[in-house]
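Below: the structure, in structure tokens.
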């Protein structure tokens, strides 16, 4: 059973009956048939369909944003931003998709030699609840422009957003059934992956879910793309701008009520900037007040679930018991909903839950390094490898330091974020493969070498 529940009140919005395995198999067959027609479509027509989809998303942005807010508690302004970002990724691939798919030519002793990029087949997109529209679009749009069909398995708590996207896309000139949503539990995923038309499985979610999907994909010799958790470091070096770094850190950390894989979860500061940074972050965190996510002046919405809140609170209490200093928040409020206050922990060290684990909620953690080199060591001391933010006045030095960070993305004097023009993804326990840019598009192709004598 798939249930949409309002995180701000706990009330059930809508319940959806899950698909039987036989129905899931019928849907896969229909998507495969549509994909065959779509693969033969001219790239210019694919671009035209994406442009119509972008226009349709913008035309229905209020309804989409309201559904996102209702299902997972995102503040309405952030939900509107998620819809616009989803439209922008359509714009980007409508313009650049054809170029990304052009054959790549090589000089050899042959008369002609090149690599072409035909579609891989069906793409299974196993998507999370924290960005219920954007995460689907980030995977589906490059997959579609490459000529694939897409089967979306949304999170059990956000089915309505996925079904609304399915309906909108169907009216934009794509072949019927090219993108379909399956309401299936994880027990059915092996049968889906084993389906002969499914070529790639893409998952955004927890490390545990990623390991399970990778095992299934490997068992059936299918490719996989995994975008998993993160515990990104934001490093403020001795010559860094503490005020700018603090403002950026708070804005990024508490976006989506802290439920973002690329949020700066570990803020590492050196003595020269530590007090100024903590003072500014503390003031900003204390000013964030939880409230109705539908109200324009709300600073912090609810978390997406009571279960997520309980897990986060346990990590906070464990860290405080281990010696972290609680400067703000850290208490479960009375009343309905999955609200949790903006929380700031100082003097976090390795061995604490706040350092070693991913805190998926509105909690900022300050880690005090003894020097610039110590700060970099602390940043790398994690099983995750999604992104790192480095703040320094010496850009060339920051570039050199960034070169050695074991992560998939680095931002200098900025926070890590996703941009369709650049590949997105991590290393280590943060997953493998890339989304966005031409790198993400080619994850969903089957490169083929052609040699003409």
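The values are calculated or read from the model by the stated rules, or taken from the named source; none is laboratory data. Keep in mind the model is a prediction, meaning the values are calculated, not measured. Here the Cβ is made from the backbone with ideal geometry for all residues, glycine too, and neighbour counts use every protein chain on show.
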*Within the range 46-67, is there a residue that is in a loop (DSSP other than H, G, I, E, B), modelled with pLDDT of 95 or more and closer than 30 Å to residue 301 by Cβ?*
yes
*Kindly indicate the residue of the range 189-215 that is within 17 Å of residue 32 (Cβ to Cβ) and out of contact with any strand residue (DSSP E or B) (no Cβ under 8 Å at 6 or more places or on another chain) and also surrounded by the fewest Cβ atoms within 10 Å (Cβ to Cβ) among those meeting that condition.*
196
*asked:* When you check residue 335 against the structure, is it free of Cβ contacts under 8 Å to residues at least 24 places away in the same chain, more than 27 Å from residue 414 (Cα to Cα) and in contact with a strand residue (DSSP E or B) (Cβ under 9 Å, 6 or more places away or on another chain), yes or no?
replied: no
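If you check 106, 100, 92, which single one turns out to be assigned by TED's automatic domain parsing to the domain that holds residue 200, surrounded by fewer than 22 Cβ atoms within 10 Å (Cβ to Cβ) and in contact with a helix residue (DSSP H, G or I) (Cβ under 6 Å, 6 or more places away or on another chain)? Write out each step before concluding.
Values: 106 fails: in contact with a helix residue (DSSP H, G or I) (Cβ under 6 Å, 6 or more places away or on another chain); 92 fails: in contact with a helix residue (DSSP H, G or I) (Cβ under 6 Å, 6 or more places away or on another chain).
Only one candidate passes the filter, namely 100.
If I ask for residues that are part of a loop (DSSP other than H, G, I, E, B) and within 18 Å of the chain's Cα centre (by Cα), which ones from the range 228-254 would you list?
Filtering the range 228-254 for residues part of a loop (DSSP other than H, G, I, E, B) gives 228-231, 237-241, 254.
Selection gives 228, 229, 230, 231, 254.
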_Failed item in (1) touching a helix residue (DSSP H, G or I) at 6+ places or on another chain (Cβ under 7 Å); (2) in contact (Cβ under 8 Å) with a residue 40 or more places away in the chain; (3) assigned to a helix (DSSP H, G or I); (4) more than 20 Å from residue 340 (Cβ to Cβ), with residue 278 passing the rest_ = (1)
*surrounded by fewer than 24 Cβ atoms within 10 Å (Cβ to Cβ) and closer than 27 Å to residue 372 by Cα, is that true of residue 284?*
yes
*Look at the range 71-113 and say how many of its residues are closer than 29 Å to residue 6 by Cα and assigned to a loop (DSSP other than H, G, I, E, B).*
3
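For (1) assigned by TED's automatic domain parsing to the domain that holds residue 367; (2) crowded, with 17+ Cβ neighbours inside 10 Å; (3) out of contact with any helix residue (DSSP H, G or I) (no Cβ under 8 Å at 6 or more places or on another chain), each residue gets a yes or a no:
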| site | (1), (2), (3) |
| --- | --- |
| 290 | yes, yes, yes |
| 299 | yes, no, yes |
| 303 | yes, yes, no |
| 316 | yes, yes, no |
| 325 | yes, no, yes |
| 328 | yes, yes, no |
*asked:* All but one of (1) more than 30 Å from residue 392 (Cα to Cα); (2) in a loop (DSSP other than H, G, I, E, B) hold for residue 351; state the number of the condition that does not hold.
replied: (1)
